[in-house]
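The values are calculated or read from the model by the stated rules, or taken from the named source; none is laboratory data. The structure displayed is predicted, hence computed values, not measured ones. In this analysis, Cβ positions are derived from the backbone assuming ideal geometry, glycine residues included, and neighbour counts consider all displayed protein chains. Ligands, DNA and RNA are stripped out before the accessible areas are found, and what is left, the full protein with its side chains, is counted by its heavy atoms. Shrake-Rupley method; radii C 1.70, N 1.55, O 1.52, S 1.80 Å.
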Amino acid sequence: MKNSILYIVFSVILFIYGALNYYIGLRGWQAVGSHITGLNATIYWLFFWLLAMSYLGARLIGKFLPTRIDQALTTIGAFWLAAMFYFVLILTVIDLIPLFDKWLGFLPAGIQNNPQTAPVVGLVILAIVTGLLVYGFWNARHPEVRHYDLTIQKQAGSLNRLHIVMVSDIHLGTIVHNGQLVKMTEMINKLQPDLVLFAGDIIDENIETFVEQKMTDSFRQLKPKLGTYAVFGNHEYIGGHAEEADRYLREAGVKVLRDHSVKVAGSFYVIGRDDRSGQRFTGVQRQKLAELMSGIDRSLPVILLDHQPVNLEEPEKQGVDLQLSGHTHRGQMFPNQFITGRIYEVDWGYLRKGNLQVIVSSGFGTWGPPIRVGNTPEIVDIVIHFNQ
C-alpha cells in the first residue's frame, strides 16, 4: 500500500514536471525557435528534453553512470531547475497580460497581434533568466558574516561573554564542493570564536563526494577552544547515510548531538535535537525536549540546536535561552521568501519569544540549484553577554 502511494505521488510529480517543461519548450519554440532559419524542430525538442530531464535522470540512474557524467548531469540539471522556475513565473505573467488587456485595454495597438513582437519578447525573457542565473550563482558564492549581540540574563560560571559562530545548510556534495568548505573554515577561523555550532544539513544526500574530496581534513582546521558541535538536518537522513555522516564528522572533530546535551566548560549547556524528519527514515521518533532537559541545571544558560525552526512554544516553555536553526534558506530563490515567511514564525533573522531568543540562518550553501536570489548566504557570528 505504501509503495503504491509513493508510485502515485511520483507519477503526479513527474507529470507536473513534464507539463511545465513542455510549456516552457513550446513557448520557446513559438517565440524564438521557429524564427531561426535552419533550426529543425526535432533537434530543438531533443536538445530541450535532454536539458530538462538531466537533473531527474541523474537522480534516478546516476549510480549506474560514470562519476563524471553523473556530476555533469546533476550540475547542468541544477541550473536548469532555477531557469525552469523563472521561465514558468515570467511566461505565466506574459501569457496573462493579453487576458487583462481584453478587460482594461492598456496594450498599444502596434503590439497587439504583431508577429514581430514574439521574438523580441522571447529574447528579453531569455536575457532576464540568464541574468538571474549569473547573478544568483555569483551571489551564492559570496557569503557574508552576520553579527548578533545578545544578552542572556543568567550567570555562566566564570564566563562573562561567549563568542559563537553558527553555520547551517552547507549541503556538501555534488554541487557544493570542498573549495567552498575551505572558504567557510577560513572565514570562521578569522572570527576566532570560542565555540562553533552547525545547525544541520551539513552533508547533502551524496556522501561519496564528501569522502572523495577528503572534507574531514577541512573540518579539522577548525580550532575553537570550547569545541565544535553539530546536529543533523533532514538531508543527512534523506540520503540514507546518517550513520556514515556521524562517523566522518566525529573523525573530523565535530561532535554530533543527536538528542543529546553537553555541559560546556562547566558554564552552559548545548542541546542538540535530532531532526524531526528523521523518523520517516529511521522509524525512531526524536525525544521530547522536556526529556532532554530533565537533568539540566536551568540556572545556567541553555543553547538549543534544532535544524527546523518549528514549534517554538516548546523551547520557550522549557526554559531554553537561545535556539539556533536553519533549514529555510530564506526561500533561496525570490520570491519564495514570501512562502517561507508564512510557513515559519521566523524564517530568517532574530526573534524574541518571552525569554527565548531565536536566530534562524539563511544558510551557507544551496540545495538543488546553486543559485541564490533575494537572500545572501551567511555565517552567523554571535556574541552573548551573561548577566553576572
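Quick one: in the range 266-278, of everything that is outside any loop (DSSP other than H, G, I, E, B) and under 20 Å from the mean Cα position of the chain (by Cα), which residue is modelled with the highest pLDDT? It would help to see each step written out before you state the result.
First, the residues of the range 266-278 that are outside any loop (DSSP other than H, G, I, E, B): 268-272, 278.
Filter once more, so that each one left must be under 20 Å from the mean Cα position of the chain (by Cα): 272, 278.
Details: 272: 97, 278: 87.
Across the range 266-278, the extreme among qualifying residues is 272.
Matching residues to (1) open to solvent by 90 Å² or more (accessible area, probe 1.4 Å); (2) more than 27 Å from residue 265 (Cα to Cα); (3) aliphatic (A, V, I, L, M):
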position: 285; (1), (2), (3): yes, yes, no
position: 289; (1), (2), (3): no, no, yes
position: 292; (1), (2), (3): no, no, yes
position: 297; (1), (2), (3): no, no, no
position: 305; (1), (2), (3): no, no, yes
position: 321; (1), (2), (3): no, no, no
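Could you grab me the full set of residues in the range 61-79 that are among the aliphatic types (A, V, I, L, M) and either surrounded by fewer than 14 Cβ atoms within 10 Å (Cβ to Cβ) or not in a helix (DSSP H, G or I) (or both)? Lay out the reasoning, then the answer.
Looking only at the range 61-79, we keep the residues that are among the aliphatic types (A, V, I, L, M), and these are 61, 65, 69, 72-73, 76, 78.
Correct list: 61, 65, 69.
May I ask you to list the residues in the range 222-265 that are part of a loop (DSSP other than H, G, I, E, B) and open to solvent by 50 Å² or more (accessible area, probe 1.4 Å)?
Initial filter on the range 222-265 (part of a loop (DSSP other than H, G, I, E, B)): 222-227, 232-233, 239-241, 252-254, 257-259, 265.
Answer for the range 222-265, where residues must be part of a loop (DSSP other than H, G, I, E, B) and open to solvent by 50 Å² or more (accessible area, probe 1.4 Å): 223, 225, 240, 258, 265.
Can you tell me which residue in the range 139-185 is least open to solvent (accessible area, probe 1.4 Å), limited to those that are assigned to a loop (DSSP other than H, G, I, E, B), within 30 Å of residue 235 (Cα to Cα) and among the polar types (S, T, N, Q)? It would help to see each step written out before you state the result.
At the first step, the residues of the range 139-185 found to be assigned to a loop (DSSP other than H, G, I, E, B) are 141-143, 153-155, 157-158, 160, 168-171, 173-175, 177.
Still in the list and also within 30 Å of residue 235 (Cα to Cα): 141-143, 168-171, 173-175, 177.
Remaining after also requiring among the polar types (S, T, N, Q): 168, 174.
On the way: 168: 0, 174: 23 Å².
Among those residues, the one meeting the criterion is 168.
List every residue pair whose Cβ atoms sit under 7 Å apart, with the two residues 6 or more apart in sequence or on different chains, where the first one lies in the range 317-328 and is under 19 Å from residue 200 (Cα atoms) and the second, anywhere, is open to solvent by 10 Å² or more (accessible area, probe 1.4 Å) and in a loop (DSSP other than H, G, I, E, B).
Filtered contacts from the range 317-328: 325/308; 327/308; 328/344; 328/347; 328/348.
Is it the case that residue 278 is among the small types (Gly, Ala, Ser) and either surrounded by fewer than 18 Cβ atoms within 10 Å (Cβ to Cβ) or within 23 Å of residue 188 (Cα to Cα) (or both)? Full working, then the answer.
Working: among the small types (Gly, Ala, Ser): yes; either surrounded by fewer than 18 Cβ atoms within 10 Å (Cβ to Cβ) or within 23 Å of residue 188 (Cα to Cα) (or both): no.
In short, no.
Residue-wise test of (1) over 22 Å from the mean Cα position of the chain (by Cα); (2) small (Gly, Ala, Ser).
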| residue | (1), (2) |
| --- | --- |
| 303 | yes, no |
| 309 | no, no |
| 317 | yes, no |
| 321 | yes, no |
| 325 | no, yes |
| 332 | no, no |
| 337 | no, no |
| 343 | no, no |
| 346 | no, no |
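State the number of residues belonging to the range 307-319 that are in a helix (DSSP H, G or I), open to solvent by less than 40 Å² (accessible area, probe 1.4 Å) and within 23 Å of residue 381 (Cα to Cα).
As a first pass, look at the range 307-319 and keep what is in a helix (DSSP H, G or I): 313-318.
Pick out the ones that are also open to solvent by less than 40 Å² (accessible area, probe 1.4 Å) and you get 315, 318.
Next, only the ones that are within 23 Å of residue 381 (Cα to Cα) stay: 315.
Total meeting the criteria: 1.
To keep it simple, each residue is scored yes or no on (1) of a type in the set (Asp, Glu); (2) over 24 Å from the mean Cα position of the chain (by Cα).
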position: 168; (1), (2): no, no
position: 181; (1), (2): no, no
position: 186; (1), (2): yes, no
position: 217; (1), (2): yes, no
position: 226; (1), (2): no, yes
position: 232; (1), (2): no, no
position: 235; (1), (2): no, no
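Hey, can you tell me all the residues within the range 210-234 that are farther than 17 Å from residue 166 by Cβ, in contact (Cβ under 8 Å) with a residue 40 or more places away in the chain and touching a strand residue (DSSP E or B) at 6+ places or on another chain (Cβ under 7 Å)?
Selection gives 215 alone.
Does the range 192-206 contain at least one residue that is modelled with pLDDT of 95 or more, under 15 Å from residue 365 (Cβ atoms) and surrounded by fewer than 22 Cβ atoms within 10 Å (Cβ to Cβ)?
no
Name, by its number, the condition in (1) open to solvent by 40 Å² or more (accessible area, probe 1.4 Å); (2) at negative phi; (3) not aromatic (Phe, Trp, Tyr) that does not hold for residue 366.
In the conditions (1) open to solvent by 40 Å² or more (accessible area, probe 1.4 Å); (2) at negative phi; (3) not aromatic (Phe, Trp, Tyr), residue 366 misses (1) alone.
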